[in-house]
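Structure first, then comments.
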Amino acid sequence: MTSIVWIKHASQLATLAQSGKGPRIKKAMNDLSIIEDGSIWIENGFIKAVGTTEELEEMFESRAHEAEITDATGHLVTPGLVDPHTHLAYGGSREKEFEMRLEGATYMEIMNAGGGIHATTKMTREATEDELVEQSLTRLDSFLKHGVTTVEGKSGYGLNLETELKQLRVMKRLQNEHPIDLVPTFMGAHAVPVEYKGREEEYVTLVIDEMIPAVAREQLAVFNDVFCEVGVFTPEQSRRILEAGKKYGLIPKIHADEIEPYEGAELAASVGAISAEHLLKATDEGIQAMAAAGTIACLLPATALYLREEAAEGRKMIDAGVPVAISTDCNPGSSPTTSMPLVMNLACISMRLTPAEALTAATYNAACAIKMEDRTGSIEIGKQGDVVLWNSSNYQELQYLFGVNHVKSVWKNGVKVVG
């Protein structure tokens, strides 16, 4: 197989090339840095040149015979999509809860009855490491077919030291067994396990004193996440867990203000979290605090749809100067999907993002939310050759045709893995 890929004559090459550091905000989220009749030269897994087809033909005419050439005439080409919030590695399935919700049960009612996170925790504890790897590989294959080349994955379905470490070790194996880049997050504070009901402070102590140090010792995670929500972890408990993680080099993330306003957005800003997730009920004060701190809002429109809730106020957040990313929130209970194209559609429909903002939120800003922007999220010289060729001629069509997977071809590190 050749180590050189040359993609030529893209109708639109949306490079997302950056003029500065950090995630894009406000009007900059509409700037896709599009090149008409665009071309990319990828060599040994990395992007070596980007420009018009005419420019690259002048540069590489003498080496054309070395390349695997793809004629992208009539097609949109973008960076590989980045999914910055998933619960990838888990055991079992929860399709029965879908029917329960349709009959009127709420998220918290299902969880308090032993379903929800607790049900998946039981199944994940019972599953072997090999079984979790096998299930997760199937999900990663589906992500890849939907144009996703980088995924964040959280633990949090163990809720004891043994299984939390098992989930994170599974993700470490997956990084070596699948083309997708997988960025791990420790989330021992996803819920209080049933055996600690009434002893919540003891579980917080376990997370802080045993789980976080063990995760750090084995270097199994980059981030530390917590579910700050009424009936789960209080803002004060969440702060202690996130600050404890920082002492071990784990970067804070936070599930915030999903079900009720709970000062989660404000907490994210005050602890220096790289991102706050969900934010369906974030207050105006919380949004302003995130904008001032530069905290990325990781919004999950498919989850809101699946739970039949109003989506987060993405339009208001962008206008306020909050950098916005979007994600599938792939998980067994509230968003069992791997389709980032669907999530981009929903971001436009339910949160009033423009098509350009949705693509930015699914590529460059998403990469920033998991500290991968130096490697992926845009098509620039020196970055990984993570590229998607779409069965669409322009980015507006990509968002306009609802519920369709437009992926034609995907390259990961310069190797064609789909198409």
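Quick notes on this one:
- When exposed loop sites are taken as GluC sites (Glu not before Pro) in a DSSP loop with at most 12 other Cβ atoms within 10 Å, the longest stretch of the chain clear of them is 104-217.
- Electrostatic dipole magnitude of the chain [Cβ: Lys, Arg +1; Asp, Glu -1; Cα centre; debye, to 20]: 260 debye
- Taking the chain and dividing mean pair separation by its residue count, relative contact order in percent (alpha carbons under 8 Å, at least six apart): 21 percent
- Per residue value of the accessible surface for the chain (all protein chains in place, 1.4 Å probe), Å²: 38 Å²
- Estimated [θ] at 222 nm from DSSP helical runs (n ≥ 4, -39500 (n - 2.57)) normalised by residues in the chain, nearest 500: -10000 deg cm²/dmol
- Distance between segment 138-201 and segment 91-108 - C-alpha centres, whole angstrom: 21 Å
- Here the accessible area of the chain is 50 percent carbon and sulfur, with a 1.4 angstrom probe and all protein chains present.
- Residue-count net charge about Cys330 - beta-carbon cut-off 12 Å; Lys, Arg +1, Asp, Glu -1: -1
- The trypsin sites (Lys or Arg not before Pro) of segment 278-359 that DSSP puts in a loop, and whose beta carbon has at most 13 other beta carbons within 10 Å, are Arg308.
- Long-range amide H partners of Gly80 with built H, under 5 Å: Gly377, Asp386, Val387, Val388
- Nonlocal Lys pairs with alpha-carbon distance under 20 Å, segment 304-419 (8 or more apart, or different chains): 5
- The accessible area of Ile69, taken with all protein chains in place and a 1.4 Å probe, comes to roughly 90 Å².
- Of the whole protein surface, Ser339 contributes about 20 Å² of accessible area at a 1.4 Å probe radius.
- Computed from the alpha carbon positions, the gyration tensor of segment 29-155 leads to an equivalent ellipsoid with semi-axes of 46, 18, 11 Å, biggest first.
- Shape analysis of the chain yields a ratio of the Cα radius of gyration to the Kirkwood radius, Rg/Rh, of 0.98.
- Computed from backbone phi, the HN-Hα couplings of segment 368-374 come to 4, 5, 10, 6, 10, 5, 7 Hz, rounded to whole numbers (Karplus: 6.51 cos²θ - 1.76 cosθ + 1.60, θ = phi - 60°; Gly and Pro given as x).
- Where only C-alpha atoms are counted, convex hull volume of segment 305-348 per residue in Å³: 72 Å³
- Each other residue within a Cβ distance under 9 Å of Asn160 adds +1 if Lys or Arg and -1 if Asp or Glu, for a net charge of -2.
The values are calculated or read from the model by the stated rules, or taken from the named source; none is laboratory data. Being a predicted model, the structure only gives us computed values, none of them experimental. Please note: Cβ atoms are built from the backbone with ideal geometry, for glycine as well, and neighbour counts cover all protein chains shown. Just so you know, the surface numbers come from the protein's heavy atoms only, side chains and all, with ligands and any DNA or RNA stripped out. Shrake-Rupley method; radii C 1.70, N 1.55, O 1.52, S 1.80 Å.
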